[in-house]
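These notes are about the structure you will find just below.
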Amino acid sequence: MTTVFMAPVPAYVAARRESRSRLWWLLVAGWVAHVGLRLWLYRYHTGPVANPDETGYLLAARWLAGGPGADLTGSTFYHGGYPVLLVPIFWLTSDPVLAYRLVAVVGSMVAASAYPLAYLLLRRLGLGVRAALIAAFVAGLSPALLLFSGLALTDAILPVLVLAWLVAVHDLVAYRSVRAGAAAGGLSAFAMAAHLRGTVVLAVCVLVVMVAAVRWKTVVPAVRRKTGTAAVRRKRVMPAVRRGMVMPAVAALGSAAVVVAAGKALNGALAAALYPGGSRDLSGLLMSRLTTFEGQAWALSGAAGQLWYLIVGTWGLAGVGLAGAAALLVRRSAPFQHRVLAGALLLATLGIAYASSAALPDEHRVGNYVYGRYLACVAVAWTLAGLVVLLKGGRLAVMRHAAAAAGLMALTGGAAAWYAGDRLERYGFIAFDFPEVIFLTGDRDSLDLVAASMTALIMLACLIAAAFLTTRRTRLLVVGVLALIDIAFTAGQAPAPPSGADWLPKPPPGRVAVDRRVKWNVWVPLAYRVSWTKLEFYGGRPPEGACTAVVPYGAVPPTGWAATGRGGAQMGWTTWSNGRCG
């Protein structure tokens with residue numbers, strides 16, 4: 001019998017395997033903890049609360065799954081990238097309440113994935129394993145990742161998409177990885193398919209590929225000098241170098257092109273099915289803003305207001321990160337991949353702020369001038385950038401970046417307030433638009449820009465003090481201070497059981513018709529609640545064969561129809577039932 005002797009595994013190899021296994025278990029456990037927190041926060045949600053946005057995405061997902069559609073003519077077009085992820089839910093169930101709860105599960109799972117992605121990004125930015133694990137976990141508690149993860153909004157996935165895209169961009173530039181190039185291009189194109197903000201991300205990705213290709217080309221002369229004979233260079237070395245230059249760029253641009261084409265086909269099908277009369281056209285408004293002085297003033301001041309919100313909504317850390325990224329760009333000694341990463345994130349942030357503000361119609365609300373939702377997709381990335389500055393920078397550098405953050409906060413907030421003037425007081429204040437500001441000021445009815453700025457500066461001062469008064473070995477105290485702030489914010493979002501009666505109609509099975517005079521805030525959520533058929537709109541008499549009609553309160557039913565007594569003057573609607581339906 002032959003005996004096979006296995007060589008013993010070296011101790012350092014075994015230790016490395018054990019360490020890697022422990023790391024994966026920590027990442028999985030952290031992900032599960034983040035999912036559980038989000039499910040607890042949204043356990044009472046049974047239907048859309050942010051209309052018409054949530055309903056638009058839900059109706060798109062239901063139609064893509066083969067269910068009834070809707071007529072959203074004249075409404076804002078809701079892209080299909082996010083609804084595609086929800087299609088399996090509507091294959092499993094047609095119950096709108098259960099489907100919405102499952103949407104919250106999906107959003108929670110995706111948002112929790114920011115934890116491992118943040119860890120990967122921090123490791124690429126030079127943090128150690130222990131510091132990256134702790135900082136990434138706390139960054140996962142950021143408001144931008146908590147507020148939307150339980151809602152049917154594309155904002156539930158965009159922050160995670162941006163983090164994954166940044167990791168792929170780093171690996172593309174640093175390692176010329178074909179796989180990273182394909183991921184960077186595909187992720188940026190999918191972001192475009194999910195929301196117009198993704199168009200900026202895609203444009204920045206293409207620019208990054210071009211810059212990286214130019215950089216890689218400069219390496220060729222050095223390779224020529226270091227290799228052997230001309231024959232060796234011609235036959236072996238140079239073809240490999242050229243492939244290393246070309247293939248990553250081809251993979252990035254090719255995957256982007258494929259996903260863009262698929263996204264356009266998807267959105268075209270949605271537009272034809274759910275917006276037969278056309279969606280809300282913002283192109284004319286956008287062009288007038290871009291080509292007039294007043295339009296530019298609106299766009300730039302709105303962008304400033306979004307940057308102000310980004311800084312205060314991250315307790316000042318985004319301001320520190322912005323200052324750090326600007327400093328990194330001009331530091332020629334910094335690693336090239338880090339400079340590209342800083343430039344890409346800066347360009348994406350400024351581009352989203354400017355373009356979204358330019359395309360935003362004047363809705364006579366405070367959120368037209370100071371708004372946080374559009375830049376929420378980059379808030380987590382800037383939080384991580386600020387943490388890197390505080391954890392790795394010297395004391396003098398930390399103080400300089402903090403001063404720059406405070407100055408940027410004052411400059412952007414002042415610009416937004418100067419342009420808006422008293423409209424910040426006269427226009428409508430919607431609490432849903434200002435969760436972080438409400439946490440900072442305690443005022444749910446109005447925007448106190450100065451009070452929010454001062455509170456954010458106090459929080460930033462606490463973070464800076466934790467970095468300034470500790471050594472580099474004990475600077476994780478900074479992350480502890482951030483955790484306390486985020487936990488306090490999360491506690492303020494603690495759910496309460498729903499109170500009050502349901503204010504929407506509850507039609508029985510059968511065809512449902514809606515009088516065109518009924519307001520959109522009634523029929524839009526109703527279109528999702530009625531899961532068995534598409535709403536039919538009419539003017540005059542309800543269509544033949546309809547069993548329920550939703551009409552303005554006080555309307556008199558025609559012959560053959562009877563008022564049900566449901567609804568009321570405050571709700572603005574009532575229902576009729578068709579006696580022929582039984």
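The values are calculated or read from the model by the stated rules, or taken from the named source; none is laboratory data. Only a predicted model underlies this, so the values are computations on that prediction, with no experimental measurement involved. Glycine also receives a Cβ, built like all others from the backbone with ideal geometry; neighbour counts cover every protein chain displayed.
One table, with the values for the structure above:
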quantity: VAL258 vs. criteria in contact (Cβ under 8 Å) with a residue 40 or more places away in the chain, among the β-branched types (Val, Ile, Thr), surrounded by fewer than 22 Cβ atoms within 10 Å (Cβ to Cβ) and outside the structural domain of GLU363 (by TED's automatic domain parsing); calculated: yes
quantity: Segment 440-481, subset without any contact (Cβ under 8 Å) to a residue 12 or more places away in the chain and in a loop (DSSP other than H, G, I, E, B), residue farthest from TRP308 (Cα to Cα); calculated: THR471
quantity: Hey, ALA456 within 25 Å of ALA318 (Cβ to Cβ) and of a type in the set (Gly, Ala, Ser) or not; calculated: yes
quantity: Residue that is buried (at least 21 other Cβ atoms within 10 Å of the Cβ) and not in a helix (DSSP H, G or I), where the choices are LEU122, LEU127; calculated: LEU127
quantity: Residue list for segment 130-175, restricted to those being farther than 30 Å from ALA212 by Cβ and assigned to a helix (DSSP H, G or I); calculated: ARG130, ILE134, PHE137, VAL138, PRO143, LEU146, ALA156
quantity: Whichever residue in segment 41-96 is hydrophobic (A, V, I, L, M, F, W, C), part of a loop (DSSP other than H, G, I, E, B) and modelled with pLDDT under 95 and, among such residues, is surrounded by the most Cβ atoms within 10 Å (Cβ to Cβ); calculated: LEU72
quantity: Residue that is nearest to the chain's Cα centre (by Cα), among those in segment 407-462 that are surrounded by fewer than 14 Cβ atoms within 10 Å (Cβ to Cβ) and among the acidic types (Asp, Glu); calculated: ASP445
quantity: Selection count where residues are part of a loop (DSSP other than H, G, I, E, B), touching a residue at least 12 places away in the same chain (Cβ under 8 Å) and not hydrophobic (A, V, I, L, M, F, W, C), scope segment 526-582; calculated: 17
quantity: Qualifying helices (runs of 4 or more DSSP H) (wholly inside segment 352-439; at least 1 residues being farther than 23 Å from PHE468 by Cα and aromatic (Phe, Trp, Tyr)); calculated: 395-420
quantity: Candidate set: segment 306-334, residues that are without any contact (Cβ under 8 Å) to a residue 12 or more places away in the chain and out of contact with any Lys or Arg (no Cβ under 8 Å at 6 or more places or on another chain); chosen: the one surrounded by the most Cβ atoms within 10 Å (Cβ to Cβ); calculated: ALA334
quantity: Criterion: within 30 Å of THR574 (Cα to Cα), surrounded by 20 or more Cβ atoms within 10 Å (Cβ to Cβ) and out of contact with any Lys or Arg (no Cβ under 6 Å at 6 or more places or on another chain) - qualifying residue of VAL512, VAL479; calculated: VAL512
quantity: Some residue of segment 8-26 being of a type in the set (A, V, I, L, M), modelled with pLDDT of 90 or more and buried (at least 19 other Cβ atoms within 10 Å of the Cβ); calculated: no
quantity: Any hit, segment 265-275, residues being of a type in the set (Phe, Trp, Tyr), at pLDDT 90 or above and surrounded by fewer than 18 Cβ atoms within 10 Å (Cβ to Cβ); calculated: no
